[in-house]
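J.: Okay, handing you the structure first.
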Amino acid sequence: MLTYPSREEIKEILNKAKRIAVVGLSDNPEKTSYMVSEAMQKAGYEIIPVNPAIKEALGVKAVQSLKDIEGHIDIVNVFRRSEYLPGVAKEFAEIDSDVFWAQLGLESEEAYHFLKEKGYTVIMDRCIKVEHALTRR
């Protein structure tokens, strides 16, 4: 069984976080990844688009991969289909980041166990925007 941080732990993660790299962030304002990331940007988080198919999103230059980001990343928020999560998890393990977060509807046991064995915090099948709203009350 996959176990994730409690809502109280998620609140602490979101309170501490400043930089969120968003894998699969679209430059299309009608896409969920854009709407969620825009809300998080407006809430004060630095958003870093990670998508080789776009030049920029939300006024920020996109990078090709997580490895192209300089400095510490607090949360990697993933908007890629579940079958891509193990690959993203492997790249995540090669950078300086704290939390691997797969959006609502996305889950991978392989990625989960790979990251948990390395001691990372893993959250899957949860919307970061919804969790942010719920923990602000």
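J.: How high is the relative contact order of the chain, in percent, counting Cα pairs under 8 Å that sit 6 or more residues apart?
T.: 25
J.: Which value in deg cm²/dmol, rounded to the nearest 500, describes the helix-derived mean residue ellipticity at 222 nm for the chain, given -39,500 (n - 2.57) per DSSP H run of n ≥ 4 and division by the residue count?
T.: -9500 deg cm²/dmol
J.: Around S65, with a cut-off of 13 angstrom between Cβ atoms, what is the net charge of the other residues, counting Lys and Arg +1 and Asp and Glu -1?
T.: Residues close to S65 contribute a combined charge of -1.
J.: Find out how many positive minus negative residues lie around G24, taking Lys and Arg as positive, Asp and Glu as negative, among other residues whose Cβ is under 12 Å from that of G24.
T.: Local charge sum for G24: +2.
J.: Extension gain L104-A133, at 0.36 nm per residue separation less the Cα-Cα distance, in nm?
T.: Stretched out fully, the L104 to A133 stretch lengthens by 9.0 nm.
J.: I would also like to ask the following. May I ask you to give the solvent-accessible area per residue for region 83-137, in square angstrom, as obtained with a 1.4 angstrom probe?
T.: That works out to 51 Å² per residue.
J.: Loop only by DSSP, 13 or fewer other Cβ within 10 Å of the Cβ. Give me the GluC sites (Glu not before Pro) in region 23-54 that pass, ordered by residue number.
T.: Of the GluC sites (Glu not before Pro), the ones in loops of region 23-54 whose Cβ has at most 13 other Cβ atoms within 10 Å are E30.
J.: Need one number for the chain: average projected area of the convex hull over its C-alpha atoms, nm².
T.: 7.6
J.: With θ set to phi - 60° and the Karplus curve 6.51 cos²θ - 1.76 cosθ + 1.60, what are the ³J(HN,Hα) couplings of region 18-23 in order, to the nearest whole Hz, using x for Gly and Pro?
T.: So the Karplus estimates, Gly and Pro as x, are 10, 10, 10, 8, 10, 7 Hz.
The values are calculated or read from the model by the stated rules, or taken from the named source; none is laboratory data. Since this is a predicted model, take the numbers as computed values, not measurements. Reconstructed Cβ throughout: ideal geometry from the backbone, glycine too, with neighbour counts over all protein chains shown. Just so you know, the surface numbers come from the protein's heavy atoms only, side chains and all, with ligands and any DNA or RNA stripped out. Shrake-Rupley method; radii C 1.70, N 1.55, O 1.52, S 1.80 Å.
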